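Inspection log for the structure reproduced underneath, given as structure tokens.
The values are calculated or read from the model by the stated rules, or taken from the named source; none is laboratory data. Note that the structure is a prediction, hence the values are computed from the model and not measured. Cβ sites come from the backbone with ideal geometry, for glycine too, and all protein chains shown count toward neighbours. Heavy atoms of the whole protein, side chains included, go into the accessibility calculation; ligands, DNA and RNA do not. Shrake-Rupley method; radii C 1.70, N 1.55, O 1.52, S 1.80 Å.
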Amino acid sequence: MSGTKPPREELPDSDPEDASEELTEVVCLESDLKDGQMMEVEVGHHSVLLTHSEGKYSAIGNQCTHYGAPLSKGVISGNTVRCPWHGACFNVHTGDLEEFPGMDCLPCHKVKIENRKVYVSINKKTLKQEKRVKSMGAAVAGVTHTVLLLGGGAASLICAETLRQENFGGRIIMVTRDDLLPYNKTRLSKVMNVENDSILLRRMEFFHQHDIEVWLRKEAVSVDTDMKTVAFDDGSVQSYDQLLISTGCRAKGLDVPGMKLENVRMLETPEDARQIHTACLGNNVVLVGTSFVGMEVASYCIDKASSVTVIGSSELPYQNTLGREIGKVTLAMLSEHNVKFYMNDSVTEIKGVDGKVKEVVLKSGKVIPADVLIVGIGIKPNSEFLRGSKILTDSKNFVTVDKYMRTNISSVYCGGDLATFPLAMAKNQLVNIGHWQMAQAHGRIAALNMLDKSSELSSVPFYWTVLLGKTIRYAGYGEGYTDIVMKGAFEDRKFLALYIKNDEVIAAASLNYDPAVSAVAERFVGGKVITKKEAESDDLSWLQLSQSRLDIHPSPCHHLSH
């Protein structure tokens, strides 16, 4: 919704001393904003989100703290606004973060209604602050209770932050084999020539300020849950009162001759990303694997390599995750930029000259020249150090947890890519989902339950992938879908795909169709069923969207069987 802003007026009866600290403007008339609506307004050339929710007017920052998306273009539901880009949620009354992948809260501004006019006041000192770190405590002298966090990823970081936000006063130790503080791993396949400093989630001062110890370049080798100790590769042993295991996964290599040749790369660290960037400049790049990482790296290399070739084991990219139609769009988008695809094929040998990759031999007999080979064919869990412990792992060596992120052992929790967990929106089916936002949610739920603040995992998976500067967004859990209902058209590169199972929508994916996926996610969170009939309808009111806002004309629904 949008309104016309009346000319600026001073707040009546305002204290002149306060006025020097605050900038106040009339932003709209009371009648401009109905309950359950929001609009972007300006105060001193500063974008503010004004909401009218549950009878109350509120004003918070309008830029999502994740990547700065305008929240006014998102979805409001109750007292929550959801970002149109990556699904982060904020409380409209407090500005507090309620769902990841954002890390920080939003500034909150004063709202006053006088003579049917809505006034918003911004403190001049905080005018330029678009993010607010939630209030956090620190260690308390004499409290010896120790929480040990294994792994330096999203789950560990959010667990540590949540503990301090909840005023846990004990010792927090985060241990990682990385040589970097926790960083944004989602950037590695999108912006590969990346400086370490630019992707850190928090700086060292932050960890010092909140008494979170971070041990770098150190790896757990065993866990003794009876003694409550963890042994490390440097011979040291650390005791714990509560343990979070979030050591994640690593890339799976090819089991073929030549895998050890120089310039065979796998993407796991910022250093790997930089090496791939350098290796691909002006060279023949071959990628094995057509999942998210493989497609993003192929897209990144297009304007840097002399040739880009992709080898996939299925008929189309993303076939098992996003389905054939989105696979076809992806294939077309990259093929238009001279990416060559060899699908339904696999690598049988990597040939080298002077220890470096020169050719890749395929099962079909084709031989492809290669100066660099990038392997992105899946992951293996980093759980070897749990062998011999009493912590249960499943047949694939992932750690099984309940909806409180608890393992089978008291005081031991697991989160992130290593965890197999019950997904609320999929009737508590046990799943393993390697999404950044999900790992953050795991960390928060683990922390709350460590503090005996009983909390169940209820997050809806939200994922995005970037190809040629365009973002495909995805929410839900689509495994086992039998049908896809389409809005828009694949050929126009502007679509919303709704995945159907048992006559209900279980997931959604979109390209250039914001904020539809966020609206679907919000329905899932509220436990509201989206029927196949609703999905097929040309009426998009269930998405809280208008046809004009999406700039898409109603079109006959396409049905695509899985």
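Some observations on this one:
- Where strands (runs of 3 or more DSSP E) fall entirely within the stretch 428-477, those with at least 2 residues that are within 20 Å of residue 188 (Cα to Cα) are at 462-467, 470-476.
- Among the residues making up the stretch 511-543, a single one is assigned to a strand (DSSP E or B) and surrounded by fewer than 22 Cβ atoms within 10 Å (Cβ to Cβ): 531.
- Cross-chain or 6+ apart pairs with Cβ under 6 Å, the stretch 412-426 first and surrounded by 24 or more Cβ atoms within 10 Å (Cβ to Cβ), then at pLDDT below 95 and among the small types (Gly, Ala, Ser): 417/434
- Count of the stretch 498-510 residues, restricted to those that are buried (at least 17 other Cβ atoms within 10 Å of the Cβ) and either at pLDDT below 95 or of a type outside the set (A, V, I, L, M, F, W, C) (or both), is 3.
Residues checked against (1) in contact (Cβ under 8 Å) with a residue 60 or more places away in the chain; (2) part of a strand (DSSP E or B); (3) over 30 Å from residue 511 (Cβ atoms); (4) of a type in the set (Lys, Arg):
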| position | (1), (2), (3), (4) |
| --- | --- |
| 95 | no, no, yes, no |
| 101 | yes, no, no, no |
| 112 | yes, yes, yes, yes |
| 118 | yes, yes, yes, no |
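- Test: residue 404 is surrounded by 21 or more Cβ atoms within 10 Å (Cβ to Cβ), among the hydroxyl-bearing types (Ser, Thr, Tyr) and farther than 30 Å from residue 282 by Cβ: no
- Taking the criterion of being of a type outside the set (Ser, Thr, Tyr), open to solvent by less than 50 Å² (accessible area, probe 1.4 Å) and more than 25 Å from the chain's Cα centre (by Cα), the residues of the stretch 233-246 that qualify are 238, 242.
- Looking only at the stretch 247-257, and only at residues there that are surrounded by fewer than 19 Cβ atoms within 10 Å (Cβ to Cβ) and not hydrophobic (A, V, I, L, M, F, W, C), the one that is nearest to the chain's Cα centre (by Cα): 250
- Single match in 221, 230, 286 (criterion: in a strand (DSSP E or B), open to solvent by 40 Å² or more (accessible area, probe 1.4 Å) and either touching a residue at least 60 places away in the same chain (Cβ under 8 Å) or on the phi < 0 side of the Ramachandran plot (or both)): 221
- One residue stands out in the stretch 119-128 among those that are among the polar types (S, T, N, Q) and either at pLDDT 95 or above or touching a strand residue (DSSP E or B) at 6+ places or on another chain (Cβ under 8 Å) (or both): the one that is most open to solvent (accessible area, probe 1.4 Å), namely 123.
- You will find that of 134, 128, the residue that is part of a loop (DSSP other than H, G, I, E, B) and either touching a His at 6+ places or on another chain (Cβ under 7 Å) or closer than 21 Å to residue 445 by Cβ (or both) is 134 and no other.
- Pairing residues of the stretch 529-547 that are modelled with pLDDT under 90 with residues that are of a type outside the set (Val, Ile, Thr), at Cβ distances under 6 Å and at least 6 apart in sequence or on separate chains, gives 538/554; 542/534; 543/516; 543/519; 544/519.
- In summary, residue 192 fulfils each of the numbered conditions (1) assigned to a loop (DSSP other than H, G, I, E, B); (2) open to solvent by 10 Å² or more (accessible area, probe 1.4 Å) with the single exception of condition (2).
- For first residues located in the stretch 61-81 and open to solvent by less than 10 Å² (accessible area, probe 1.4 Å), partners that are of a type in the set (S, T, N, Q) and in a strand (DSSP E or B) and lie 6+ apart or on another chain with Cβ distances below 9 Å form the pairs 61/47; 62/47; 69/63; 71/63; 81/51; 81/53; 81/91.
- Filter pass, residue 90 being buried (at least 24 other Cβ atoms within 10 Å of the Cβ), under 22 Å from residue 458 (Cβ atoms) and either in contact with a strand residue (DSSP E or B) (Cβ under 6 Å, 6 or more places away or on another chain) or β-branched (Val, Ile, Thr) (or both): yes
- Scanning the stretch 427-457 for residues that are more than 18 Å from the chain's Cα centre (by Cα), surrounded by fewer than 21 Cβ atoms within 10 Å (Cβ to Cβ) and hydrophobic (A, V, I, L, M, F, W, C) yields 430, 448, 451.
- Counted residues, the stretch 24-55 - those being of a type in the set (A, V, I, L, M, F, W, C), open to solvent by 10 Å² or more (accessible area, probe 1.4 Å) and assigned to a loop (DSSP other than H, G, I, E, B): 0
- Only one entry in 305, 279, 298 is surrounded by 15 or more Cβ atoms within 10 Å (Cβ to Cβ), under 18 Å from residue 378 (Cα atoms) and among the hydrophobic types (A, V, I, L, M, F, W, C), namely 298.
- Which numbered condition residue 100 misses (of (1) within 23 Å of residue 133 (Cβ to Cβ); (2) within 26 Å of the chain's Cα centre (by Cα); (3) at pLDDT below 95): (3)
- Filter result for residue 454 (hydroxyl-bearing (Ser, Thr, Tyr) and at pLDDT 95 or above): yes
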